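Okay, structure first, notes after.
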Amino acid sequence: MTEVQVRDLTIEYQTSAGWLPAVAGASLDLRAGEITGLVGESGSGKSTLALALLNAVPEPGRVAAGSVEVAGVGDVLSLSGKQLRKVRGGELGYVFQASQNSMNPLKTIGKQLLDLGRSHEVKDLRALIARAKDLANRMGMDGDRVLDSYQHQLSGGMRQRIGIVFALVLNAKVLILDEPTTALDMLSQAAVLDIVRTVHDENQLSTLIITHDIGAISEIADRLAVMYGGRIVEDGPLLDVLRRPTHPYTRALIGATARITGDVDAARALPGRPPDLTTVARVGCVFRDRCPFAVTACADTEPPLVVGEAGRRRACHVEPSTVLSGTPGTPAAVGGQP
Amino acid sequence: MTGFARRLAGKLLAGLVMVWVVVTFTFFLVHALPGKPGDVQYESYIMQGFNPEEARAKVTAVYGFTSHDPLFSQYLGYLGRLLHGDLGQSVYYSGVPVSHLIWSALPWTVLPVLTGLLVSFLIGVIAGVIAAVKRSSRWGGLLSVSGSLVAGVPSFVLALLLLLVFHTEWHLLPDAGTSDITLEPGWSPEYVGSVVQHAVLPVISYALLSYGGWLLAMKSSVITVLGDDFILASELRGLAPVTRARYIGRNAILPLFTVLALSFGIMFAGSFFIEQTFDYPGLGELLLKSIGVRDYPVMAGAFLLITVAIIAANIVADLCYTLIDPRVRR
């Protein structure tokens, strides 16, 4: 069952050069029981996309087009005021980066939990606290102690887990994690990802993990979506995409990942720099400047995101087999059909 | 709570040491002032037409008991009496205890300063929140400008301006003193009413002087907090607007509490100009007068009080901070 349906989402930011798209025509499904990893370099629009799921695009941004349909709620982008407030936290749980301080420093975690409950008009606050303690215990923390603590008394990994408690305590069905492992050491990373997987399975959630760390995400995600220059350029079942990347950018991204076992030199950096709002190509493919496979069509026609076999999608003019073979062919193939 | 008691004890001890240092410093500084008690009196006798001989004899008769001991033994004596709570006696008002002079001046400084400070804190903080939230609108900008403008006017100019408008032009409020002198001091409604009426202009002056500071400080504090991660987090968790406003308010006002306690002590010291302008017999005027006639004990006493006030305000601010900010607690 599809829990969240993002359709043709375009988000623009106001710059000195006018309104420029940070996310352009993105479509994405989050299904119940599936963890989707959304990877991309910084500035690729992945965090903007995640915030748009809660209709919380920050100033000076605006949603220019598209919809975010959440099961049982409708289009989140059409909500406002109290309705929107109830959906945030109630249906959609958002977890901040571990390095961020997502708690009020002056109140204990428990009191902020009560604030959350009252804001969402929870009748049985005692049960809410009990559920929060239970969640905390399951994540390997002492629930009683943690609820009596202030934020500054908790470690980064604990804060991250508390963020997950807050996202889930109201029984949200959708869990969105923004860079959940950034700023954590390797062991805490693994622990947090483990916990995400566990709570995800136990509660049959639809989980979206935003990250630039394709290695970390490959441990737990079911699906992988790759963003570049505000576009989703490829997505599909995780293992399939990792084994057979059919978009030149995905291929380069995987190739740039160093592995713990194996030669570090085997990792190849992607030449060039990721585009930002003002430098991203207005016509043609946004990746063509850094693409070793680029053909003439890439310069003037933007490749559409086309559905292929086995639940995969890609946006590229070059034949999948050519990308898979790894050797740029003669610039002849034009069409974008996988 | 034993931790709190230990903290308090430590702070008090440090405060005492600080008071001793300042007392020592001011004692020698005050005695290092050029001139000596009686100089002013001597000059006024000369002006009145006495010849120098006569004038000197008259001055010696009045000020003759001024100590001629070495300064250091005077200092030891002063410290010893201070330990017994004895501030000594005024030289100018012969024989009147310094503590009596200070006690009678104290309320005329404390009450207006405290009232003015609290009024300006309240108004400034609220205006600061509005200026921060509406900072992109015209009204928010106007508020900020009002803050900068008022904060930039020197106190004596402000006080004179108030006098000009409310006394000279509109005849609304009295220009000097603490009450109508024909009234008997007491709790009679007429007397209290008169005191309030006389206090209005000084209080407004104190309030206006610090209003701009509060407004600008609160504005920047609110803007900082608004950009904090946990405010966005509380929005994305769907917290009620009232709850979010409370989060913002409490976090933003935090740094201002310290300043509030400190500025109480500082205003204490800075009340000269306003008390001068409104001829208000407070501590500032007492100090200024005593400096003019080299009344060492009164000067030392007034400085001591200001020092103690500032140090006490510091301690209170410190302790309050540990109560309202859990991060400072241990």
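The values are calculated or read from the model by the stated rules, or taken from the named source; none is laboratory data. Small disclaimer: the values here were computed from a predicted structure and weren't measured. Ideal geometry is used to build each Cβ from the backbone, glycine not excepted, and the neighbour counts take in all protein chains shown. Just so you know, the surface numbers come from the protein's heavy atoms only, side chains and all, with ligands and any DNA or RNA stripped out. Shrake-Rupley method; radii C 1.70, N 1.55, O 1.52, S 1.80 Å.
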Kindly indicate the residue of the range A:116-127 that is in a helix (DSSP H, G or I) and open to solvent by 10 Å² or more (accessible area, probe 1.4 Å) and also nearest to the other protein chains (Cβ to nearest Cβ) among those meeting that condition. A:R118
Of (1) surrounded by 21 or more Cβ atoms within 10 Å (Cβ to Cβ); (2) closer than 30 Å to A:D222 by Cβ; (3) not assigned by TED's automatic domain parsing to the domain that holds A:V87, A:L184 fails just (3)
Can you work out which of the residues in the range B:216-251 that are outside any helix (DSSP H, G or I) and open to solvent by 40 Å² or more (accessible area, probe 1.4 Å) is nearest to the other protein chains (Cβ to nearest Cβ)? B:D228
Any residue at all in the range A:100-107 that is more than 10 Å from chain B (Cβ to nearest Cβ) and either crowded, with 23+ Cβ neighbours inside 10 Å or touching a residue at least 24 places away in the same chain (Cβ under 8 Å) (or both)? no
Test A:L9 against the criterion of being touching a strand residue (DSSP E or B) at 6+ places or on another chain (Cβ under 6 Å), assigned to a strand (DSSP E or B) and in contact (Cβ under 8 Å) with a residue 40 or more places away in the chain, and give yes or no. yes
Answer yes if at least one residue in the range A:170-181 is more than 29 Å from A:G215 (Cα to Cα) and either basic (K, R) or out of contact with any strand residue (DSSP E or B) (no Cβ under 8 Å at 6 or more places or on another chain) (or both), and no otherwise. yes
Pairs only if they're at least six apart or on different chains, beta carbon under 8 angstrom, first in the range A:166-192 and within 13 Å of chain B (Cβ to nearest Cβ), second open to solvent by 30 Å² or more (accessible area, probe 1.4 Å) and part of a loop (DSSP other than H, G, I, E, B); list them, first residue then second. A:L170/A:V122; A:A172/A:E91; A:V174/A:E91; A:D178/A:Q97; A:E179/A:Q97; A:E179/A:H212; A:A183/A:Q97; A:A183/A:S99
I'd like to verify a number: residues in the range A:49-79 that are more than 23 Å from A:D115 (Cβ to Cβ), small (G, A, S), open to solvent by 10 Å² or more (accessible area, probe 1.4 Å) and in contact with an Asp or Glu (Cβ under 9 Å, 6 or more places away or on another chain), how many? 7
Yes or no: the range B:257-270 includes at least one residue that is within 14 Å of chain A (Cβ to nearest Cβ) and either out of contact with any Phe, Trp or Tyr (no Cβ under 6 Å at 6 or more places or on another chain) or open to solvent by 30 Å² or more (accessible area, probe 1.4 Å) (or both). yes
Tell me, which helices (runs of 4 or more DSSP H) lie completely within the range B:252-330 with 2 or more residues that are more than 16 Å from the chain's Cα centre (by Cα)? B:283-292, B:296-324
Can you name every residue in the range A:128-160 that is at the interface with another protein chain (Cβ under 10 Å from one of its Cβ atoms), closer than 17 Å to A:S188 by Cβ and buried (at least 19 other Cβ atoms within 10 Å of the Cβ)? A:Q151
Please list, ordered by first then second residue, the pairs with beta carbon atoms under 6 Å, 6 or more apart or interchain, first in the range B:317-330 and more than 10 Å from chain A (Cβ to nearest Cβ) and among the hydroxyl-bearing types (S, T, Y), second open to solvent by 100 Å² or more (accessible area, probe 1.4 Å) and outside any helix (DSSP H, G or I). B:T322/B:R329
Determine which member of the set A:K82, A:K111 is open to solvent by 40 Å² or more (accessible area, probe 1.4 Å), facing another protein chain (nearest Cβ under 10 Å) and in a helix (DSSP H, G or I). A:K82
Consider B:A252 carefully, then state whether it is farther than 18 Å from B:T109 by Cα, touching a residue at least 40 places away in the same chain (Cβ under 8 Å), touching a Leu at 6+ places or on another chain (Cβ under 8 Å) and hydrophobic (A, V, I, L, M, F, W, C). no
